[in-house]
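Undergrad: Handing you this structure, nothing more for now.
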Amino acid sequence: MHEAAKLQFERIATEYASWRGVPENERSPAPAWWWGAAMDALDKSEVMSTELCTRLDLAAGSSYGAAAGLLTTALAEQTSPGWPDEFPKKFRQPDPAEKIA
């Protein structure tokens with residue numbers, strides 16, 4: 001796998017871990033910017049570092065292709081696009097009933 005693609009994928013793996021750390025009911029939709037890196041890595045059998053596998057909650061020795069499958073699954077389940085300012089957590093709209101001090 002090309003070094004630039006690895007670097008991009010590692011950045012996204014960090015984002016994915018951050019996103020997964022937010023409770024599901026508060027989590028934003030998976031960001032569309034993950035698609036490119038995920039698609040580029042789907043057919044890659046190169047083994048990732050142990051650190052990257054851990055970050056993605058995958059077994060040690062997993063491939064970039066396995067990680068890409070994980071990302072595409074997260075993306076495929078979303079029903080609306082995410083907004084960059086809502087990542088990794090949904091923006092909480094103020095309750096109109098709350099009094100503004």
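The values are calculated or read from the model by the stated rules, or taken from the named source; none is laboratory data. Not measured: the values here are computed from a predicted model. All Cβ positions, even for glycine, are placed from backbone atoms using ideal geometry, and neighbour counts span all protein chains on display.
Undergrad: So in region 59-78, with the set limited to residues that are touching a Leu at 6+ places or on another chain (Cβ under 7 Å) and hydrophobic (A, V, I, L, M, F, W, C), which one is surrounded by the most Cβ atoms within 10 Å (Cβ to Cβ)?
TA: Ranking the candidates gives ALA67 first.
Undergrad: Find the residue count for region 19-48, including only residues that are modelled with pLDDT of 85 or more and surrounded by 14 or more Cβ atoms within 10 Å (Cβ to Cβ).
TA: Result for region 19-48: 11.
Undergrad: Please identify the pairs in which a residue from region 40-68 that is part of a loop (DSSP other than H, G, I, E, B) has its Cβ atom under 8 Å from the Cβ atom of a residue that is aromatic (Phe, Trp, Tyr) and surrounded by 12 or more Cβ atoms within 10 Å (Cβ to Cβ), counting only partners at least 6 apart or on another chain.
TA: Final answer for the pair search is LYS44/TYR64; SER45/TYR64; GLU46/TYR64; MET48/TYR64; LEU56/TYR16.
Undergrad: Another question, if that's okay. Restricting to region 2-18, name every residue that is acidic (Asp, Glu) and either surrounded by 15 or more Cβ atoms within 10 Å (Cβ to Cβ) or within 11 Å of the chain's Cα centre (by Cα) (or both).
TA: GLU10, GLU15 - these are the residues of region 2-18 that are acidic (Asp, Glu) and either surrounded by 15 or more Cβ atoms within 10 Å (Cβ to Cβ) or within 11 Å of the chain's Cα centre (by Cα) (or both).
Undergrad: Scan region 84-99 and give yes if some residue there is basic (Lys, Arg) and at pLDDT 70 or above, otherwise no.
TA: no
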